[in-house]
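The values are calculated or read from the model by the stated rules, or taken from the named source; none is laboratory data. Keep in mind the model is a prediction, meaning the values are calculated, not measured. Ideal geometry is used to build each Cβ from the backbone, glycine not excepted, and the neighbour counts take in all protein chains shown.
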Amino acid sequence: MQEFPGEVAERIGCYVYVLYDPDTNEPFYVGKGMGNRLFAHVRESIERPTESDKLQRIRDIRAKGQEVQYEILRHGMTANEAFEVEAAIIDYIGIPTLANEVTGRDSDKRGRMGISDIIAIYAAQPIKIQEPVVLIIVNKLWGRNITPDNLYEITRGDWVMGERRNKAKYAFAVNCGVVREVYQITGWSPVEGLEARNLGAVSEILARKAKIQKRWRFEGKIAEHMQHYVSGSVADYLARGAQNPIKYVNC
């Protein structure tokens, strides 16, 4: 089947679906849509030369003479409801297992978390920062059970920054508005493009910007004398809806 009957496409509403590999019966893509959206991926894999993990997985399945398997998990929803269900399913299966390029809506803020993370977010008390610091929002790179070494690596760079970075004495690793660690900055070094390290799923937009904007990473160590800030809320310092992961305080 390449499309729904007309009356079904009209009445099904918004839905969330999964694409399965027929060999393993394992899900490899979660999506949301209306009408015949779930069938469009196969057409794209045939008609377009675009490269992506999802389309290549479909091409591989078809090259073996097999067909992608479909399943609709929930239907008859509003668009917002579909966003929520899609995000929950992606979180549950795990982005490393799927060909999805990004997590679902607000997964970094309201997605799958351990008990300690939930407590940290909802019990965090507002803090007043006295020192010159740079808040570095690591929501997109944060993961469950992240190690101290990994937290340091994702916090230190690579970031598009200006001269104000030199006024900051400390860097706060911030996830979901909560301070996760404080580092004393000992120096900054420039990064050419996306050289050196792969920080994970960097978007094409960021990749393009990286070619024309200077990126920096800091060297530092855990600031033992600043641990009273850890687990505190910096929500008052963050503009609602702001996209920039860098926020200077007292700099």
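Annotations
- Complete set of residues in segment 119-150 that are touching a strand residue (DSSP E or B) at 6+ places or on another chain (Cβ under 8 Å), outside any loop (DSSP other than H, G, I, E, B), surrounded by fewer than 20 Cβ atoms within 10 Å (Cβ to Cβ) and of a type outside the set (Val, Ile, Thr): Pro126, Pro148
- Condition check for Arg57: more than 25 Å from Ser231 (Cα to Cα) and in contact with a helix residue (DSSP H, G or I) (Cβ under 9 Å, 6 or more places away or on another chain): yes
- Residue selected from segment 1-19 under the condition in a loop (DSSP other than H, G, I, E, B) and not hydrophobic (A, V, I, L, M, F, W, C), by the criterion modelled with the lowest pLDDT: Gln2
- The single condition among (1) over 25 Å from Lys140 (Cβ atoms); (2) in contact with a Lys or Arg (Cβ under 9 Å, 6 or more places away or on another chain) that Ala9 does not meet is (2).
- Close pairs from segment 114-133: first closer than 30 Å to Arg165 by Cα, partner assigned to a loop (DSSP other than H, G, I, E, B) and among the charged types (D, E, K, R), Cβ under 8 Å, at least 6 apart: Asp117/Arg144; Glu131/Lys169; Pro132/Lys169; Val133/Lys169
- Evaluation of Ser116 against the conditions (1) among the small types (Gly, Ala, Ser); (2) surrounded by 14 or more Cβ atoms within 10 Å (Cβ to Cβ); (3) part of a helix (DSSP H, G or I) shows that the sole unmet condition is (2).
- Consider segment 69-113 and keep the residues that are assigned to a loop (DSSP other than H, G, I, E, B) and of a type in the set (Gly, Ala, Ser). The one that is surrounded by the fewest Cβ atoms within 10 Å (Cβ to Cβ) is Gly94.
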